[in-house]
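The values are calculated or read from the model by the stated rules, or taken from the named source; none is laboratory data. Nothing here was measured: the structure is a model prediction, and the numbers come from that model. Quick reminder, even Gly has a Cβ in these numbers, built from the backbone with ideal geometry, and neighbours come from all protein chains shown. We work out accessible area using only protein heavy atoms, side chains counted, and drop any ligands, DNA or RNA first. Shrake-Rupley method; radii C 1.70, N 1.55, O 1.52, S 1.80 Å.
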Amino acid sequence: MNINQMMQQAQKMQREVQKKLNEFEQKEFEFDYKNGSVVVRITGALKLTSVNINPVLVDPNDKVTMEEMITEAINQAIDSINEDRDNIQKTAVPNGGIPGMF
């Protein structure tokens, strides 16, 4: 394989990865925290689209616990999405490099 073919292959791989990442950013994910306590919808671009709180949890005298649960639910959603994004990048470029290169 000559250098031009390697460069073309690398550019093709880069376009494919970018396409998958663009599609991923548009996708919406739903995360259920503690069996429906808090349900979070967030895009692959990490934009929060909705938060649904189980009404039985709403206690006006315990605002702090509710805030902690929402924060934890969102953080778990973001961690999961970041892991999925990393997997897209890893599968698009096996072994972390361009085939035929070092």
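For this structure, a couple of remarks:
- Normalised by residue number, the volume inside the convex hull of the Cα atoms of region 1-57 is 75 Å³ per residue.
- Surface share of carbon and sulfur [accessible, 1.4 angstrom probe, percent] for the chain: 49 percent
- The chain, accessible area per residue, ligands and nucleic acids excluded (1.4 Å, Å²): 73 Å²
- Along the axis of the charge dipole computed for the chain (Cβ charges of +1 for Lys and Arg, -1 for Asp and Glu, origin at the Cα centre), the listed residues 13, 37, 48 are led at the positive end by 13.
- Within a Gaussian network of the chain (alpha carbon springs, distance under 10 Å), most fluctuating of 67, 30, 16: 67
- Two-site label geometry, residue 43 and residue 66: point separation in nm, points 7 Å out along Cα→Cβ: 2.8 nm
- A full extension of the chain between residue 17 and residue 54 corresponds to an added length of 9.5 nm, given 0.36 nm per residue minus the alpha carbon distance.
- Cleavage-rule hits (trypsin sites (Lys or Arg not before Pro)) in region 1-62: DSSP loop, at most 15 neighbouring Cβ within 10 angstrom: 27, 34, 47
- The angle between the Cα long axis of helix 63-92 and the longest principal axis of the Cα atoms of the chain comes to about 10 degrees, rounded to the nearest 10.
- Column: log10 I(q)/I(0), Debye, Cα scatterers of the chain, q = 0.21 Å⁻¹: -1.01
- Calculated [θ] (222 nm, deg cm²/dmol) that DSSP helices of n ≥ 4 give over the chain, each run adding -39,500 (n - 2.57): -19000 deg cm²/dmol
- Rounded to the nearest 20 debye, dipole of the chain from Cβ charges on Lys, Arg, Asp, Glu: 680 debye
- Folded to 0 to 90 degrees: helix 3-26 orientation relative to the chain principal axis, Cα: 10 degrees
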